[in-house]
Each structure stands twice: as structure tokens, then as C-alpha cells.
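Presented below is the structure to which this report refers.
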Amino acid sequence: QVQLVESGGGLVQAGGSLRLSCTRSGSIFSIYAMRWYRQAPGKQRELVAGIDEDGLTNYADSVKGRFTISVNGAKSTGYLQMNSLKEEDTAVYYCNADLFRPFDVVRRDFWGQGTQVTVSP
């Protein structure tokens, strides 16, 4: 069964950086498109960044210029590079991806397990 495995969360001071990774298990599948969401305590889950099959990216206004979403050339791992972190970036971050394999339809809406990002003053 295909899974998305996240890593890279942790505790960082405001102004610091973290890079989140999201790797699909099972080498038969590749990443078609990916999105990163986050959910802070007491708040709804929000879309932070997305990248489509052509490499086009989009970002929430709150993270533009600070966060960068990417997928490696092998299309096995997606990343969220987070710079100039602020306390309000504290949340659980989830990757969400559509996957594909040769001669098959795109399979949509796989989720990672979530990783905690805490930004301290």
C-alpha cells in the first residue's frame, strides 16, 4: 500500500529555517502533484503551498516569499523549505499528493501522517 512519510519538523526559533520532506513509499509510484497544509490548534486546516504536474507553484499569502515547495527530479520526494519562520507558523504540517505510475490513472489525495513545527519567540 502506498504511503506518504513526512519528516523534518521540530522546534526552531523565530527567524530560523526548517525543511519538511514527504516521501512516497513504494518505488513504483511517482509524485504527480503535491500540496502542503497546516493546522494550528483551534484552527481549520489551511493550504500553505502547492505544486502541479508542470512544476507551477502557488502559496498562501501568509508564506509567500518565505516558503518554497518543490519535488525532486526522481519525483519521489516533495519538500517544503521554510525560511524566516514566525511564531504564527506553528502548526502540524501535512503533505497531500497525487501519485501516478506508468500506464495507470493518476491516484489522488494521499496524505502524510503530519509533522509538528513549533516556532519559539
Got a number for residues in the range 8-60 being under 17 Å from residue 77 (Cα atoms), in contact with a strand residue (DSSP E or B) (Cβ under 9 Å, 6 or more places away or on another chain) and of a type in the set (A, V, I, L, M)? 8
Take the residues in the range 5-49 that are open to solvent by less than 50 Å² (accessible area, probe 1.4 Å) and more than 17 Å from the chain's Cα centre (by Cα); name whichever of them is farthest from residue 63 (Cα to Cα). 26
Given the conditions (1) within 15 Å of residue 111 (Cα to Cα); (2) surrounded by 14 or more Cβ atoms within 10 Å (Cβ to Cβ); (3) polar (S, T, N, Q), every one holds for residue 68 apart from (1)
Does residue 120 count as under 21 Å from residue 31 (Cα atoms) and in contact (Cβ under 8 Å) with a residue 12 or more places away in the chain? no
Having 3 or more residues that are under 13 Å from residue 81 (Cβ atoms) is the bar; report the strands (runs of 3 or more DSSP E) wholly within the range 1-67 that clear it. 18-24, 46-51
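The values are calculated or read from the model by the stated rules, or taken from the named source; none is laboratory data. These numbers were taken from a predicted model, which means no experiment stands behind them. Note that each Cβ is placed from the backbone with ideal geometry, even for glycine, and that neighbours are counted across all protein chains shown. To get the accessible areas, we keep the full protein, side chains included, count just its heavy atoms, and leave off ligands, DNA and RNA. Shrake-Rupley method; radii C 1.70, N 1.55, O 1.52, S 1.80 Å.
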